[in-house]
Ligand code: ARG
């Protein structure tokens, strides 16, 4: 059955049907499509646009169709798209009454409604996974506040930090990701149904009633925009993209930190792979795949943005191309969040190696400059003097914490005994008590603050 064949004298070509169909991927909308139809038909009955008994009959049949799909006894095939499939099945089951369902509706506002319902649920689901990941990161952070590792800029040792502060940094990113999804939810939570093909409808429908039944917070205010708008899909995929960016950065860190050269961390055997030719190898395939799949989600974002950009108002069939990028981004981000969470739970640390690395590379040089500033030297001069001390160490094979006081004093008379403490990594980490800094007290506060903000985001569930 086609929903539109009345006007035609010839059947469509099989090749054209195949090319046109979307059931192969939009079957994923079946749940939301049927739910939206149940709400729509209830409203049609309440407003007496169709007889109440017919509305009830349709609604009951829709419930049965949904149950059969869920059970797996009804195959989703043999129609142009999911909307056609459901209507076709309805008419098969209850005859002519089924044909009343589509009054005061078009597939254009129907698909936009289904998709918004789908994205709303998906946002909640992805945020739940982000929450689980942050909980894992918080646990790692809490267990590692006292351990020190090198912090890097330009991939060169910069300053010593607490291991916990490093993991908290990623929690902050994933918190923002939840915030971004939550914010986009507000704009997704608007019901297009009632916009019909594009100009609205002349039936006396009650849009607020349908919206209430479907738990939409609001209804769209312009029918042309409502059937054309896919901003919410682009936003959703953008939100997925930032999650992937953050996962990918962490994946990259883990790949580096687990090399033999660094050896700070080790991924457990369960989450590693071997080489088919080199028996000694333990490869980080999982973080590499997460990094690689990031490109794929960015591709989905580029796809949806490009689909939207050139189409004249209002609905055009191009918009059918919104679904595959959406589903692909969703599947990918969920798979990556899950596996990354597991991998992190099985990550182990070589705290001695991390600490030794943190002590090397003159990582407390900034502390010397800060010390001189606190003794009254302008920062630029302090920076220059410290640079000379580092050069002296390099030329004489020394480290900052092994220099004698009298050597320091050759560079500035402002140095006294205290400098020998100040250049120790522990001291350096502890000195940065500023909010957000590396000191244990600040890092513990950061953990508390992340926990607080996370709980606040999920206060209703
Ligand atoms: N499968 C279509 C889509 O995904 C449904 C809407 C079809 N509307 C139409 N006027 N042909 O966009």
Self-check item: Segment residue 17-residue 309, length gained on full extension (0.36 nm per residue, minus Cα span)
Solution: 102.5 nm
Exercise. Report the relative contact order of the chain, percent, no decimals, based on alpha-carbon pairs under 8 angstrom and at least 6 residues apart.
Key: 16
Practice problem: Once you have the Kirkwood Rh of the stretch 342-461 from its Cα pairs, apply Stokes-Einstein at 20 °C and 1.002 mPa s and quote D in µm²/s. | Solution: 128
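Tell me what the chain gives for mean residue ellipticity at 222 nm when only DSSP H runs of n ≥ 4 count, each as -39,500 (n - 2.57), the sum divided by the residue total, rounded to 500 deg cm²/dmol.
The helix contribution divided over the chain gives -20000 deg cm²/dmol.
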Exercise. Working from the alpha-carbon coordinates of the chain, get Rg over Rh, Rh being the Kirkwood radius.
Key: 1.15
Quiz item: What angle, in degrees between 0 and 90 and rounded to the nearest 10, separates the Cα long axis of helix 163-188 from the longest principal axis of the Cα atoms of the chain?
Solution: 20
Quiz prompt | Spin-label pair residue 388/residue 77, simplified geometry with 7 Å Cα→Cβ offset, distance in nm | solution = 8.3
Self-check item: Residues in the stretch 82-109 that a label on residue 324 would reach, taking backbone N under 19 Å of a point 7 Å out along Cα→Cβ
Solution: 82-83
Quiz item: If you take the beta carbon distance between residue 444 and residue 31 as r and set R0 to 45 Å, what does 1/(1 + (r/R0)^6) give as a FRET efficiency, to the nearest 0.05?
Solution: 0.55
Exercise. Give the calculated FRET efficiency between residue 275 and residue 249 to the nearest 0.05, with a Förster radius of 30 Å applied to their Cβ-Cβ distance.
Key: 0.75
Practice problem: At 0.36 nm per residue, minus the direct Cα-Cα distance, what do residue 418 and residue 282 gain on full extension? Give it in nm, one decimal, please. | Solution: 44.4 nm
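Could you tell me whether the stretch 303-374 comes out rounded, prolate or oblate from its Cα gyration tensor? Rule is a ≥ b ≥ c as square roots of the eigenvalues, rounded for a/c under 1.5, then prolate if a/b exceeds b/c, otherwise oblate.
Judged from the Cα gyration tensor, the stretch 303-374 comes out oblate (a/c at least 1.5, b/c at or above a/b).
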Exercise. Could you state the angle between the C-alpha long axis of helix 52-71 and the longest principal axis of the C-alpha atoms of the chain, as a value from 0 to 90 degrees rounded to the nearest 10?
Key: 50
Practice problem: Starting from the Cα of residue 407, step 7 Å along the direction of its Cβ; do the same at residue 342; then give the gap between the two resulting points in nm. | Solution: 5.1
Quiz item: Using Cα pairs under 8 angstrom and six or more residues apart, how large is the relative contact order of the stretch 81-213, in percent?
Solution: 33
Self-check item: Antiparallel %, DSSP beta bridges [both residues in the chain], to 5
Solution: 85
Quiz item: Helix 30-46 sits at what angle to the longest principal axis of the chain, using alpha carbons and giving 0 to 90 degrees rounded to 10?
Solution: 50
Exercise. Assuming a ≥ b ≥ c are the square roots of the Cα gyration tensor eigenvalues, decide whether the stretch 1-106 counts as rounded (a/c under 1.5), prolate (otherwise, with a/b larger than b/c) or oblate.
Key: oblate
Quiz item: Put a dot 7 Å past each Cα toward the Cβ at residue 434 and residue 242; how far apart are the dots in nm?
Solution: 2.4
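Computed from the coordinates by the stated procedures, all read-outs in this text should not be read as laboratory data. Everything quoted here is computed from the prediction, not taken from an experiment. For neighbour counting, all protein chains shown are included, and Cβ atoms are generated from backbone atoms with ideal geometry for every residue, glycine included.
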